[in-house]
C-alpha cells in the first residue's frame, strides 16, 4: 500500500540499523513510528502484510471525547485535536468529518450513568452538555431519552484514509516501512533488546515496539515477554445507500442497546457490542491466519439492532452493502497497554485497544514515543504500563476480556468507547 517502489532496494538488504523498530503497521504502530521520527529518531516498521490490513483497516473510524477516566479522556481529546490538525503538524492532508455525537440512554440505569459521565467529563474539560436529540434523518426518538451532546466528536469516513496519511507522513519524515516481512525473533544480549530478525534481514536496534495487534502476545513471546490481552471479535455493517440518511448528521451511540451509528457511504453504519463475544487467539489458529479469515455473523448485528427498530428502522432490516469485522485486544481492566515490558529493557508495547485503538492512536502514539525518547514535557501514561497486571491464566484473560467487551456501555463497567 504505502511503500511502493521506494522500498525496492531495501528488500534485498541483509542488515540495517535503527533507533526504533516498530512491529506492526496498524494505527498504533504507525502513530508511534511517526512520532518517534518527529522526535528525531531513525525508525523502521516491520509489517507481515500491508499497512492497515488487519483491524485498523476495518475500524468504525469514530472518535469519542467522553471516556471513563481522566487519562483516557486526555488521550481521546488529544487524538481528536491531532486528527483535525494532521496536515499542520504531519505535512499530509487528512479528511475529517466533524458532526459531533449524541450519547443516548433510554433506561433509568443508563440515564443515571449518563449523568455521571456528564459531570466527570466536564470536570476533565470536555465540551459536553445535556440536550434533546433533534430531528435526524436516521434516528427518530420519542423524546423520553436522556442525551448528551458532544460537539468535539469526529469520525474518519474510511479508516484506510488515516492509515494512508500515517504512512505518507511517516515516509515524509524518514521512516522505513518494510511490508510483507515478518518478525521471526527479537534478539537480546544480557537480557536487553538488541534488535529484530525478520524473514529477510537483521535489524540492530536498542528499542523495539510490539504493536502487532491481535498478534501482540505472539510477538512479545519472541523475547520471552507476556502481554495481558485477549483478542475478541467486533463487527459492523454498512447499509446500502438510502435517502433516509443525511451524510451531515451526527454520530449516535445508544448506550443501553450497546449500538453505535453514523452516516457512511450515503448509507448507515451499524456496530455494537454483543453480550457473548467470540474470543479468537491467533496463536491457536493456522500460521497463515489473517483478519480476513475471521468468522463473521450478521445475525449478531441484527439482534443488537432489533431493540432500535422503532428509532432506527434502517438498522434492523436495511440491505447490507458491507459487513466487516476485526479483533479488539481486550485487557482485564478495559484500559490500553502502553509502555515498557518489565524485565525486558528495550521492549515496549502499544496494544490493549479495547475498541478505541484506532481513534486514540494519535494520542497514544505521541505519548508513547515521547516516553521512549525521554521527552521532558510528555504526558505521563505510566498507569497504562503492561506490568500493572499480575500473573493471569489464559482462561482468566479471556473471561475478563469478554466481560469488558460485553459491558462496554454498561453502568458501572470500566470500558468506554
In region 40-86, what residues are surrounded by 20 or more Cβ atoms within 10 Å (Cβ to Cβ) and at positive phi? 52, 61
Counted residues in region 250-290 being within 26 Å of residue 220 (Cβ to Cβ) and part of a strand (DSSP E or B) come to 1
Anything in region 8-51 that is in a loop (DSSP other than H, G, I, E, B), at pLDDT 95 or above and more than 15 Å from residue 371 (Cα to Cα)? List them, or say none. 18, 24, 25, 26, 42, 47, 48, 49, 50, 51
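To keep it simple, each residue is scored yes or no on (1) within 30 Å of residue 138 (Cβ to Cβ); (2) touching a helix residue (DSSP H, G or I) at 6+ places or on another chain (Cβ under 9 Å); (3) not in a helix (DSSP H, G or I).
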{"position": "315", "(1), (2), (3)": "yes, yes, no"}
{"position": "322", "(1), (2), (3)": "yes, no, yes"}
{"position": "353", "(1), (2), (3)": "yes, yes, yes"}
{"position": "358", "(1), (2), (3)": "yes, yes, no"}
{"position": "368", "(1), (2), (3)": "no, yes, no"}
{"position": "375", "(1), (2), (3)": "no, yes, yes"}
Taking residue 357 as the residue in question, decide whether it is in contact with a strand residue (DSSP E or B) (Cβ under 9 Å, 6 or more places away or on another chain), buried (at least 19 other Cβ atoms within 10 Å of the Cβ) and at positive phi. no
Residue in region 77-93 that is under 27 Å from residue 271 (Cα atoms) and modelled with pLDDT under 95 present: no
Got a number for residues in region 27-39 being surrounded by 24 or more Cβ atoms within 10 Å (Cβ to Cβ) and in contact with a strand residue (DSSP E or B) (Cβ under 9 Å, 6 or more places away or on another chain)? 8
Answer yes or no as to whether residue 144 is in contact (Cβ under 8 Å) with a residue 24 or more places away in the chain, closer than 30 Å to residue 407 by Cβ and not in a helix (DSSP H, G or I). yes
How do the strands (runs of 3 or more DSSP E) wholly within region 153-227 filter down when requiring 2 or more residues that are in contact with a helix residue (DSSP H, G or I) (Cβ under 6 Å, 6 or more places away or on another chain): which remain? 207-210
Failed criterion for residue 149 (all others in (1) touching a strand residue (DSSP E or B) at 6+ places or on another chain (Cβ under 9 Å); (2) not assigned by TED's automatic domain parsing to the domain that holds residue 319 hold): (2)
Scan region 87-129 for residues that are outside the structural domain of residue 143 (by TED's automatic domain parsing) and part of a helix (DSSP H, G or I) and report the count. 4
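The values are calculated or read from the model by the stated rules, or taken from the named source; none is laboratory data. Source: prediction; values computed, not measured. Cβ coordinates were reconstructed from backbone atoms using ideal geometry, including for glycine residues, and neighbour counts include every protein chain displayed.
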